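Take a look at the structure below.
The values are calculated or read from the model by the stated rules, or taken from the named source; none is laboratory data. Note that the structure is a prediction, hence the values are computed from the model and not measured. Here the Cβ is made from the backbone with ideal geometry for all residues, glycine too, and neighbour counts use every protein chain on show. Side chains included, ligands, DNA and RNA excluded: accessible areas come from the protein's heavy atoms. Shrake-Rupley method; radii C 1.70, N 1.55, O 1.52, S 1.80 Å.
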Amino acid sequence: MRFVLSIILIFCAFSTRALELEGTFQVGNGQSQITVLGTNDFERVKPVFSRFSEINPRYNVAYLQASSREIDRATKEGLHPKIDLVMSSAIDLQIKAVNDGFATRIDLNGLLATHWREELVQISVEPIVSIYNEKTNPEFNKIKTRRELIRSIEQSSANLRIMMYDPKVSGVGYLLSRQDELQDNAFWSLIRRFQTKEFKPSCCSGEMIDAVVSGEAAIAYNVIESYILPKLNESPHLKILRFEDYQLAIPRTAFVPKSSDNPDLGSQLVRYFITSDAQARLPELVRLSVLNKQTRGGGPTKPIRLSPALTVHLDPMAKGSFFDRWDQ
Amino acid sequence: MTSNWSIRRRLFSLWLVMLIIVCGAVYLVTGTIAKKALERGQDNDLNAVAFVILDSMVNAPNGLVFDLPYSAFEVLAYSAPERLFYQVALNDKFLAGYDDLPKSAENASKVSFRTALYRGEETRFVYASKPIKFGSGEKIWVIIGQTSGSYFEFASTIANWIAVTVFAAFCILALWAELSLRHSLKPFAAVEKDLAQRAADDFSPISRNTPTEITRLVTTLNETLGQHQELLRQNRAFIAEATHQIKTPIAAMLTAAEILEREVADHQKEKVHKLIVRARYASKIVTQLLTRASLAYREMLKIRENVNLTQLAESVIRAFDPIAESKEIELSVDAPSHSINIVGDKVALREALVCLVDNAIRHSPILSEVTISVFQGEETVSLIVSDHGTGFTTEPHLSIEASLGKTENRASTGLGLSIVKRVAHYHSADLILSNQPEGGARCGLCFRLS
């Protein structure tokens with residue numbers, strides 16, 4: 001704990017504004033510390049970090065959990081030099097940070113990886129699915145595509161409660177909606193259909209999953225699949241809807257901040273993270289290999305590409321015109 | 001360039017200097033050209049995106065509306081892994097994007113480009129503008145920037161490859177030059193071989209078909225050869241004439257002195273006798289000088305023939321018989337029944353043996369013996385002349401060093417031993433000069449058979 005405490009103290013002392021952390025964790029007993037700032041639940045990445053510090057006994061890993069917005073703010077204001085790696089699923093914010101020059105090159109040593117400029121490396125993925133309650137709405141069993149969903153909602157006389165991430169509140173929600181918009185020109189008619197029913201955008205996965213499990217909501221569109229998994233066993237009526245037209249996936253990425261004291265520490269951890277040894281310690285669903293698997297069911301998985309074009313969606317102007325349309 | 005460098009080395013160094021200059025120049029030029037070409041392509045892409053934004057502009061009731069086209073940016077992103085920046089502004093009023101992009105160098109033209117350092121990296125910017133409506137002074141400005149790292153890298157890769165190609169081409173040419181050089185130098189080698197193989201007194205002109213470039217050299221060589229031949233001929237004629245011219249008066253003087261010896265009164269006979277001795281001595285020196293000169297010439301000719309030493313010894317003894325008889329000295333050859341042969345110059349060996357026997361007879365007392373021994377050892381053949389005279393009074397080898405008449409104690413010209421030494425040297429033989437335990441000298445040559 002000594003290491004973590006020292007880290008927190010350092011933060012309080014140096015940061016322009018102290019990071020609002022959701023938790024601090026630490027694994028390994030090595031003398032030199034690799035500090036990771038991330039949005040992941042620690043339990044999710046802990047096996048990877050533990051194994052890393054086992055293989056490299058010189059290191060211990062400190063994990064600072066924060067929201068993606070908090071990480072974005074801290075990055076812009078200047079990260080503390082002790083932070084060696086930033087991991088986040090907010091791919092648009094990650095891309096923007098790299099585009100704005102806050103990252104430094106990660107030496108991949110010839111390892112195969114999906115990356116942008118060798119500065120932002122994809123370390124895991126989060127597949128996106130929709131969920132429904134089979135008991136209350138068995139008609140969704142037959143739905144294969146988004147167009148079928150539009151038609152089904154159109155034909156339904158019931159006042160369905162429909163949930164999805166609120167793009168105005170949730171960064172992930174905005175990101176997914178913009179990707180849907182790019183991917184499928186039926187996106188806006190889907191939203192319009194949703195809006196004819198009891199449409200209830202939500203801030204968080206948990207809320208949406210709970211609502212579907214309890215039968216309160218008929219369907220939740222675009223939910224992170226890995227959050228659903230733990231609930232599947234205890235809720236027999238919770239069903240996953242995998243669209244045949246396409247399935248989105250959000251890449252989780254990592255970059256080494258330019259401000260880092262020792263950029264090699266972060267690089268080392270990233271290099272380990274993309275090995276099959278490390279991937280095997282992640283939940284099967286979020287491993288990079290998921291993208292190449294045909295067994296998952298549903299249509300082709302389209303992970304969001306690591307592209308600087310994502311930054312234009314973050315532009316207040318672009319956001320403004322999107323929400324204008326949303327609210328029409 | 002050092003003057004003793006070989007032609008190959010000279011050519012190679014010139015070649016290398018040229019190679020370095022050309023490769024460097026090619027690298028710089030192609031690097032610049034490739035960079036310009038790539039920059040042009042990049043400019044076109046940036047320009048296209050800028051105009052997509054400009055063209056999307058709509059004058060809506062609630063103000064200017066324009067689109068930031070994701071797919072256009074995506075095309076840029078696919079073209080190279082570069083960072084992208086953009087800005088939309090109405091005149092000087094910032095509307096969207098990055099508000100700290102570098103300003104355009106010239107504000108007037110519709111489209112301009114510039115490269116500037118932005119956020120720590122060389123970035124290419126396009127500045128495009130359009131009036132918001134026809135005739136309006138208000139202009140909407142779009143700036144699109146893209147970092148150039150990978151473009152520069154690609155340009156330098158192209159330059160590298162071309163420089164390497166030029167280098168390889170040069171190496172192939174150098175190899176070809178080496179082969180042609182070898183081929184062109186062949187006539188020189190042939191002339192050299194011709195000169196090396198010919199005998200020392202062969203002054204005939206080099207008569208081969210030579211390339212025009214070396215005809216002059218061959219002509220000059222032939223002229224020099226002719227001059228040398230003439231010089232040698234004159235030299236020979238001079239020696240022959242000089243010897244003859246000197247010998248004849250000395251012989252006449254000797255005869256006159258001998259006649260005079262008989263006619264003068266007794267108390268003067270002693271002086272006349274000295275005159276005779278001196279005249280004989282002079283005659284001998286002339287003979288031996290001639291011998292030495294002719295030996296030097298023979299040495300140059302490198303004559304090599306089979307010489308039967310036993311026969312040689314016998315023929316020399318026959319030549320000395322009259323003199324030996326007058327001094328009542330017995331000459332004999334001590335040789336095995338089979339003949340002993342060595343390879344050498346017969347005439348030179350004979351001269352050496354003559355000198356040795358002459359010396360031996362001169363220093364032998366009346367009624368003594370002079371023996372020429374020829375015998376073969378395991379690896380050597382020896383030719384030894386032994387007498388029972390006074391032997392060497394000083395260290396034997398010093399007797400040679402003190403040449404030309406200084407060894408008066410043996411009343412010789414001194415040239416004799418120096419001739420023997422020369423012949424020994426020419427035949428790579430050891431010169432043996434020693435005193436016998438029972439008195440008398442033992443001189444000769446010891447030839448190595450290998």
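Quick notes on this one:
- Selected residue (criterion: farthest from the other protein chains (Cβ to nearest Cβ)) from residues of region A:107-125 that are in a strand (DSSP E or B) and of a type in the set (A, V, I, L, M): A:V125
- Test: residue in region B:42-63 that is of a type in the set (F, W, Y) and within 12 Å of another protein chain (Cβ to nearest Cβ): no
- Residue check, B:N59 assigned to a strand (DSSP E or B) and of a type in the set (S, T, N, Q): yes
- Residue match in region A:148-160 (condition: open to solvent by less than 40 Å² (accessible area, probe 1.4 Å), hydroxyl-bearing (S, T, Y) and touching a Cys at 6+ places or on another chain (Cβ under 6 Å)): no
- Residue match in region B:125-147 (condition: among the aromatic types (F, W, Y), surrounded by fewer than 19 Cβ atoms within 10 Å (Cβ to Cβ) and either in contact with a Lys or Arg (Cβ under 8 Å, 6 or more places away or on another chain) or within 14 Å of another protein chain (Cβ to nearest Cβ) (or both)): no
- In the set B:A313, B:A324, only one residue is surrounded by 12 or more Cβ atoms within 10 Å (Cβ to Cβ) and more than 14 Å from B:L383 (Cβ to Cβ); that residue is B:A324.
- Hits in region A:161-182 (condition: in contact (Cβ under 8 Å) with a residue 60 or more places away in the chain and surrounded by fewer than 16 Cβ atoms within 10 Å (Cβ to Cβ)): A:K168
- Top-ranked residue of region B:88-100 - restricted to ones that are assigned to a loop (DSSP other than H, G, I, E, B), out of contact with any strand residue (DSSP E or B) (no Cβ under 6 Å at 6 or more places or on another chain) and within 12 Å of chain A (Cβ to nearest Cβ), ranked as farthest from B:P131 (Cα to Cα): B:D100
- Of all the listed residues (A:D315, A:D264), the sole one being crowded, with 16+ Cβ neighbours inside 10 Å and out of contact with any helix residue (DSSP H, G or I) (no Cβ under 6 Å at 6 or more places or on another chain) is A:D315.
- Filtering B:A72, B:A34, B:A77, B:A48 for residues that are surrounded by 18 or more Cβ atoms within 10 Å (Cβ to Cβ), modelled with pLDDT of 90 or more and under 22 Å from B:I140 (Cα atoms) leaves a single hit, B:A72.
- Top-ranked residue in region A:99-123 [being of a type in the set (S, T, N, Q) and modelled with pLDDT under 95; ranked as farthest from A:L314 (Cα to Cα)]: A:N109
- Hits in region A:280-328 (condition: assigned to a helix (DSSP H, G or I), within 12 Å of chain B (Cβ to nearest Cβ) and among the hydroxyl-bearing types (S, T, Y)): A:T311, A:S321
- Restricted to region B:181-234, and to residues there that are open to solvent by 70 Å² or more (accessible area, probe 1.4 Å) and not in a helix (DSSP H, G or I), the residue that is farthest from B:K302 (Cα to Cα) is B:N209.
- Selected residue [within 8 Å of chain A (Cβ to nearest Cβ), touching a residue at least 60 places away in the same chain (Cβ under 8 Å) and out of contact with any Lys or Arg (no Cβ under 6 Å at 6 or more places or on another chain)] from B:F85, B:F73: B:F85
- Qualifying residue in region B:113-124 (condition: more than 12 Å from chain A (Cβ to nearest Cβ), within 23 Å of A:G320 (Cα to Cα) and assigned to a strand (DSSP E or B)): no
- Some residue of region A:99-106 being open to solvent by 10 Å² or more (accessible area, probe 1.4 Å), in a strand (DSSP E or B) and either basic (K, R) or touching a helix residue (DSSP H, G or I) at 6+ places or on another chain (Cβ under 7 Å) (or both): yes
- Test: residue in region B:155-178 that is at pLDDT 90 or above, surrounded by 11 or more Cβ atoms within 10 Å (Cβ to Cβ) and touching a Cys at 6+ places or on another chain (Cβ under 9 Å): yes
- Only one of the listed residues (A:D245, A:D277) is assigned to a loop (DSSP other than H, G, I, E, B) and surrounded by fewer than 19 Cβ atoms within 10 Å (Cβ to Cβ). That residue is A:D245.
- Only one entry of A:S267, A:S259 meets the criterion of being assigned to a loop (DSSP other than H, G, I, E, B) and either closer than 27 Å to A:T75 by Cβ or within 14 Å of chain B (Cβ to nearest Cβ) (or both), and that entry is A:S259.
- Helices (runs of 4 or more DSSP H) enclosed by region A:165-239 - at least 1 residues per element that are within 14 Å of chain B (Cβ to nearest Cβ): A:171-183, A:187-196
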